[in-house]
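The values are calculated or read from the model by the stated rules, or taken from the named source; none is laboratory data. All values reported here derive from a predicted model rather than from experimental measurement. Glycine also receives a Cβ, built like all others from the backbone with ideal geometry; neighbour counts cover every protein chain displayed.
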Amino acid sequence: MIDKSQLKKHGNDYGIELSDTVIDTLDVFSSLLVERNKQVNLTAIKDPEGIAVKHLLDSLLVFKYADIPAGAKVIDVGCGAGFPSLPMLIAREDLQMTFLDSTGKKLRFIEDTLAELSLQGTVLHARAEEEARKNVSRETFDFAVARAVANLRSLCELTLPFVKPGGYFIAMKGKEGGEELEAAKAAIKTLGGKTAAVNEVTLPDGSERNIILIKKISQTPTKYPRTATAILKKPL
Ligand code: SAM
């Protein structure tokens with residue numbers, strides 16, 4: 001369904017090496033997404049070039065900017081239909097990936113896709129602010145990633161509590177990323193984080209991205225995350 005040689009070329013252009021096997025699996029994943037999208041609303045992007053660039057390449061950019069060691073424990077907070085987590089896991093099967101979302105129908109697509117592609121992952125149907133208060137999840141991940149979930153200022157409260165001190169939260173943001181980061185500075189500090197890098201990149205279709213790395217330098221105070229209402233109404 002996708003133009004495989006084009007995706008490989010895009011990968012090369014952005015310094016992301018994709019084997020033929022990975023490209024084939026990304027292609028199967030894209031077909032599964034388009035097929036399920038006919039029954040359940042999973043993505044507004046349906047054309048092959050759009051999926052290749054705005055979903056697959058965009059998700060894989062994380063590997064260009066973050067050095068994620070083999071076997072790292074990663075959580076995708078608000079994964080939806082699996083972005084960036086599913087392309088990441090397809091490209092790096094060694095990762096211990098957790099898919100978290102509050103919407104069950106999207107997670108059923110993830111479960112079916114993992115089974116179809118013979119991939120291992122943990123699927124968590126939960127609200128981030130509730131899950132992050134549980135000992136089994138709190139400060140147990142090497143990396144948290146999130147794309148298109150919330151404004152960075154609120155998003156940090158949903159993600160940083162999952163990350164171990166020494167780990168990173170990787171925020172996959174659009175062109176608004178720099179401005180959001182300015183507004184999120186106090187929140188990042190309060191939650192035990194420190195901005196490590198801001199990477200601006202333009203996708204082949206001209207759309208701008210900011211991939212922001214926030215390092216967890218100390219534990220998050222136990223009073224965070226607060227309830228969804230408090231996070232929304234009184235962002236840190
Ligand atoms: N990350 C995916 C992507 O980039 O395509 C999905 C983005 S979608 C716009 C936002 C997702 O975040 C939705 O699936 C929604 O259910 C989930 N979400 C928003 N707030 C959440 C929360 N507090 N806890 C868990 N999931 C949440």
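Condition first: outside any strand (DSSP E or B), within 25 Å of Thr227 (Cα to Cα) and within 13 Å of the ligand (Cβ to nearest atom). Can you find one or more residues in segment 119-126 that meet it? Looking through segment 119-126, at least one residue is outside any strand (DSSP E or B), within 25 Å of Thr227 (Cα to Cα) and within 13 Å of the ligand (Cβ to nearest atom). Taking each residue of segment 212-236 that is among the β-branched types (Val, Ile, Thr) and looking for partners that are part of a loop (DSSP other than H, G, I, E, B) and surrounded by 13 or more Cβ atoms within 10 Å (Cβ to Cβ) with beta-carbon atoms closer than 6 Å, six or more apart or interchain, yields Thr220/Leu191; Thr220/Gly192.
Does Ser59 count as within 16 Å of the ligand (Cβ to nearest atom), modelled with pLDDT of 95 or more and either farther than 18 Å from Ile211 by Cβ or not in a helix (DSSP H, G or I) (or both)? When the stated conditions are applied, Ser59 does not pass them.
Here is a yes/no grid of residues against (1) closer than 30 Å to Asp20 by Cβ; (2) in contact with a Pro (Cβ under 7 Å, 6 or more places away or on another chain); (3) acidic (Asp, Glu):
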{"position": "Ala52", "(1), (2), (3)": "yes, no, no"}
{"position": "Ala72", "(1), (2), (3)": "yes, no, no"}
{"position": "Leu86", "(1), (2), (3)": "yes, no, no"}
{"position": "Gln96", "(1), (2), (3)": "yes, no, no"}
{"position": "Ile110", "(1), (2), (3)": "yes, no, no"}
{"position": "Thr122", "(1), (2), (3)": "yes, no, no"}
{"position": "Glu130", "(1), (2), (3)": "no, no, yes"}
{"position": "Thr140", "(1), (2), (3)": "no, no, no"}
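Grab the helices (runs of 4 or more DSSP H) fully contained in segment 135-236, keeping just those with 3 or more residues being modelled with pLDDT of 95 or more and not small (Gly, Ala, Ser). Passing ranges, in order: 152-159, 177-190.
Okay, residues lined up against (1) part of a loop (DSSP other than H, G, I, E, B); (2) within 29 Å of Leu160 (Cα to Cα); (3) within 13 Å of the ligand (Cβ to nearest atom):
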| position | (1), (2), (3) |
| --- | --- |
| Ser30 | no, no, no |
| Glu35 | no, no, no |
| Phe63 | no, yes, no |
| Ala70 | yes, yes, no |
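The residue that is surrounded by the fewest Cβ atoms within 10 Å (Cβ to Cβ), among those in segment 74-106 that are more than 9 Å from the ligand (Cβ to nearest atom) and in a helix (DSSP H, G or I), is Gly104.
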